[in-house]
1. Determine the calculated [θ] at 222 nm for the chain from helices alone, applying -39500 (n - 2.57) to every DSSP H run no shorter than 4 residues and normalising by the residue count; nearest 500 deg cm²/dmol.
2. Between 31, 18, 64, which gets the highest mean-square fluctuation from a Gaussian network model of the chain, Cα cutoff 10 Å?
3. With +1 on each Lys and Arg Cβ and -1 on each Asp and Glu Cβ, how big is the dipole of the chain about its Cα centre, in debye rounded to the nearest 20?
4. Tell me the relative contact order for segment 7-85 as a rounded percent, counting alpha carbon contacts under 8 Å between residues six or more apart.
5. Whole-Hz ³J(HN,Hα) for each residue in segment 62-76, computed from phi via Karplus 6.51 cos²θ - 1.76 cosθ + 1.60 with θ = phi - 60°, x for glycine and proline: what do you get?
6. For the chain, modelled as a GNM with alpha-carbon contacts under 10 angstrom, which of 39, 57, 27 fluctuates the most?
7. Just in segment 22-105: which chymotrypsin sites (Phe, Trp or Tyr not before Pro) are loop by DSSP and have at most 16 other Cβ atoms within 10 Å?
8. Per 5 Å bin, what is the whole-percent P(r) computed from every C-alpha pair distance within the chain?
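What follows is calculated from the coordinates using simple rules that are stated; it is not laboratory data. Please read these numbers as outputs of a predicted model, since none were measured by experiment. Cβ: placed from backbone, ideal geometry, glycine included. Neighbour counts: every protein chain shown.
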Amino acid sequence: GSGGIHAGQMHLLLSLFGDDVVLQFGGGTIGHPMGIQAGATANRVALEAMVKARNEGRDILAEGPEILKKAAQHSPALAAALETWGNVTFDFASTDTPDVLPTPS
């Protein structure tokens, strides 16, 4: 997936796509206020926190923001990412709806 994703959405991304996925964090890495390396670190810490929580049996979709907030206590890079993009959401209706064409049967 790509298109404006950031570390604060990790619980949503893993819930939606699972483990067999390539997450392409462009601006969510390069645009990090502490630099590109910190952006990559924030993404990795968020991913590891979610996978660990999920493997412990936690509901990452429901508890995701809490899990990220706790992980950010030990990661300045993740804390900065959550501060920067924490309120960015993509809760809008698609403008690219599928065209349904009847097919002869």
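1. On the way: 5 runs with 55 residues, N = 105.
Calculated mean residue ellipticity at 222 nm is -16000 deg cm²/dmol.
2. Sorting by GNM fluctuation, first place goes to 18.
3. Values: 6 positive and 11 negative charges, 76 e Å.
Dipole magnitude for the chain comes out near 360 debye.
4. Working: 86 pairs, mean separation 32.6, N = 79.
Answer for segment 7-85 is 41 percent.
5. So the Karplus estimates, Gly and Pro as x, are 7, 9, x, x, 5, 4, 5, 4, 5, 5, 5, 5, 10, 9, x Hz.
6. Among 39, 57, 27, the largest GNM mean-square fluctuation belongs to 57.
7. Values: sites: 25, 85, 90, 92; in loops: 25, 90, 92.
Counting only loop positions with at most 16 other Cβ atoms within 10 Å, the chymotrypsin sites (Phe, Trp or Tyr not before Pro) in segment 22-105 are 90, 92.
8. 2, 13, 22, 22, 17, 8, 5, 4, 3, 2, 1, 0
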